[in-house]
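**Student:** Before anything else, here's the structure in question.
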Amino acid sequence: MRQASGAIEVTAERQGLFDISDRVLGWVADQAMREGLLTLFCRHSSASLLIQENAAPAARHDLEAYFARIAPEDPRAYTHDDEGPDDMPAHLRTALTQTHLSIPVLAGRPVLGTWQGIYLFEHRRRPHRRTIALHLIGE
């Protein structure tokens, strides 16, 4: 059994979903493990990780619109606004999604479905640089 750890940096220029699949798949390939378990962890409280539809841009747009409706940027709705009106809604959106993913690895690749991609979901409006920690255990 072997282990590998690393990180990728993602620059999110805006709010929304950013496909990081190729970067994750590349990192896994570099580790040269045939099978195992990949864990990804987003080291931030106002961004999250999702496995989501990767073929139809409308699906990503609808997800972004849905989260804007359920956690709106309404300054009257929250007391926490230390970093602006998108601060608390970003934390709520992260709480409703996830900051980590576990993905099996077989034949040297993460096991994703045909239409699945790995996404950073940036919940803040202004640009942010996000760090995703990666850990792979396997053979």
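**Student:** Would you mind giving the three semi-axes, in whole Å and largest first, of the ellipsoid equivalent to the chain according to its Cα gyration tensor?
**Tutor:** 30, 16, 11
**Student:** Give, in whole angstrom and from largest to smallest, the semi-axes √(5λ) of the equivalent ellipsoid of the range 1-40, with λ running over the eigenvalues of the Cα gyration tensor.
**Tutor:** 24, 9, 9
**Student:** Can you give the FRET efficiency to the nearest 0.05 for MET1 and ALA59, using r as the Cβ-Cβ distance and R₀ = 30 Å? Mind dumping the intermediate values first?
**Tutor:** Details: r = 37 Å, r/R0 = 1.24.
It comes to 0.20.
**Student:** With +1 on the Cβ of every Lys and Arg and -1 on the Cβ of every Asp and Glu, and nothing else charged, how large is the dipole of the range 2-138 about its Cα centre, in debye rounded to the nearest 20?
**Tutor:** Charge dipole of the range 2-138: 340 debye, to the nearest 20.
**Student:** What full-extension length gain, to one decimal in nm, is calculated for VAL111 and GLU83 as 0.36 nm per residue of separation minus the Cα-Cα distance?
**Tutor:** My answer for the length gained is 6.3 nm.
**Student:** Using the C-alpha gyration tensor of the range 47-127, what are the square roots of 5 times its eigenvalues, in whole angstrom, with the largest one first?
**Tutor:** 29, 14, 9
**Student:** Note down the relative contact order for the range 2-138 as a percent, whole number, built from C-alpha pairs under 8 angstrom at least six residues apart. Kindly include the intermediate steps, with their values, before the conclusion.
**Tutor:** Values: 268 pairs, mean separation 75.5, N = 137.
Rounded, it is 55 percent for the range 2-138.
**Student:** Between ALA77, ALA58, LEU106, whose Cα lies farthest towards the positive end of the dipole of the range 55-139 when Lys and Arg beta carbons carry +1 and Asp and Glu beta carbons carry -1, centred on the Cα centre?
**Tutor:** About the Cα centre, the residue reaching furthest to the positive side is LEU106.
**Student:** Another question, then. Which of MET33, THR97, ILE20 sits closest to the plus end of the dipole of the range 2-138, meaning its Cα is farthest towards the positive end, when Lys and Arg get +1 and Asp and Glu get -1 on the C-beta?
**Tutor:** Selected residue: MET33.
**Student:** While we're here: Sort out for me the Cα centre separation of the range 1-23 from the range 118-135, rounded to whole Å.
**Tutor:** For the range 1-23 versus the range 118-135, the Cα centre distance is 7 Å.
**Student:** For the range 23-91, which trypsin sites (Lys or Arg not before Pro) are in a loop by DSSP, counting at most 15 other Cβ atoms within 10 Å? Please list the in-between numbers first.
**Tutor:** Values: sites: ARG23, ARG34, ARG43, ARG60, ARG69, ARG76; in loops: ARG34, ARG43, ARG76.
Taking the range 23-91 and a limit of 15 other Cβ atoms within 10 Å, the loop trypsin sites (Lys or Arg not before Pro) found are ARG34, ARG43, ARG76.
**Student:** How would you rank TYR66, TYR78, TYR119, going from fewest to most other Cβ atoms within 10 Å of each one's own Cβ?
**Tutor:** Starting with the residue having the fewest Cβ neighbours, the order is TYR66, TYR78, TYR119.
Since every read-out is calculated from the coordinates, none of them should be taken as a lab result. Quick caveat, the model's predicted, so the values are computed rather than measured. All Cβ positions, glycine included, derive from the backbone under ideal geometry; neighbour counts span all protein chains shown.
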